[in-house]
Amino acid sequence: MTGTGKEWTVADCNIPGLVAGICLIALPFLGYWWSVRFGDGAFALEVSPFMLGMHGFGKEFFSPLIAAVNTAIIISIVFFGALLLVGSMLRCSPRYRQQSDRLVGMAANKPFWLVVLFVVSIVISGFGIEYSLRETGIAVSLPVVVGDAVGTITASGFTVQIPVSMSLNTAFWYAVVFAIIAVYAGIYQKRRYYGSPEEAAVPEAA
């Protein structure tokens with residue numbers, strides 16, 4: 001807590017943090033980040049940290065365990081978005097400088113690590129899908145994360161080709177932009193205040 005004798009203004013708020021906080025709260029509801037499609041709509045796998053969709057042959061597959069994990073991640077990212085939003089607003093007041101720094105510091109880098117872990121996960125998943133297809137007799141070399149390929153099944157002298165498409169969706173690129181804004185909010189938090197920086201650094205006497 002600090003006592004400066006001066007009131008900071010709205011200009012002292014962490015503007016990037018306010019933007020990032022709102023964006024993070026909205027992020028879980030923007031849709032799937034990554035899609036894998038087999039054939040002409042025969043089977044589709046759609047993934048984000050917040051939801052998993054599997055559709056095949058007119059049916060939708062559902063896993064309660066995965067849904068529970070997705071819900072936990074949604075709650076976590078919304079929570080960190082709220083921390084970033086509140087911490088960025090508290091920066092306007094000299095009374096809550098330490099609390100503001102703490103909240104923004106807790107939340108600013110979480111979206112970045114979420115995106116990094118997601119990319120690592122889908123790369124590993126791509127290799128896992130390729131291995132699983134080969135085990136079932138479908139010879140295919142899948143692209144890494146994004147691209148098109150053709151799998152082949154040979155049985156009884158017949159060869160059937162199955163097109164495979166992998167793509168990153170618009171929601172993923174939103175997540176990347178939001179993560180960059182959140183990281184910048186953490187950097188912005190350390191910049192000088194419009195009030196005297198010397199005053200802002202002096203703790204209130206006991």
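A few points about this structure:
- Under the combined filter of DSSP loop state and at most 14 neighbouring Cβ atoms within 10 Å, segment 1-103 retains these chymotrypsin sites (Phe, Trp or Tyr not before Pro): Phe57, Phe62.
- Dipole of segment 10-201 [Lys/Arg +1, Asp/Glu -1 at C-beta], most positive-end residue of Leu30, Val146, Ala42: Leu30
- Cα shape, segment 10-201, gyration tensor, a/c 1.5 rule: prolate
- Using Cβ point charges alone (K and R +1, D and E -1), the dipole size of the chain about the Cα centre works out to roughly 420 debye.
- Taking a span of 20 Å or more along the helix axis (Cα atoms) and a mean Kyte-Doolittle hydropathy of at least -1.0 as the rule, the DSSP H helices of the chain that qualify are 64-90, 110-135, 170-188.
- Nitroxide proxy distance, nm - points 7 Å out along Cα→Cβ at Ile22 and Met54: 3.8 nm
- Using a Förster distance of 35 Å, the FRET efficiency for Ser132-Ile15 (Cβ separation, nearest 0.05): 0.15
- Each peptide in 164-173, 138-147 receives the mean, over its residues, of other Cβ atoms within 10 Å, and ordering these scores from highest gives 164-173, 138-147.
Coordinate-derived values only; no laboratory data. Bear in mind that the values here come from a model prediction, so they are computed numbers and not experimental data. Neighbour counts run over all protein chains shown; Cβ positions are idealised from the backbone, glycine included.
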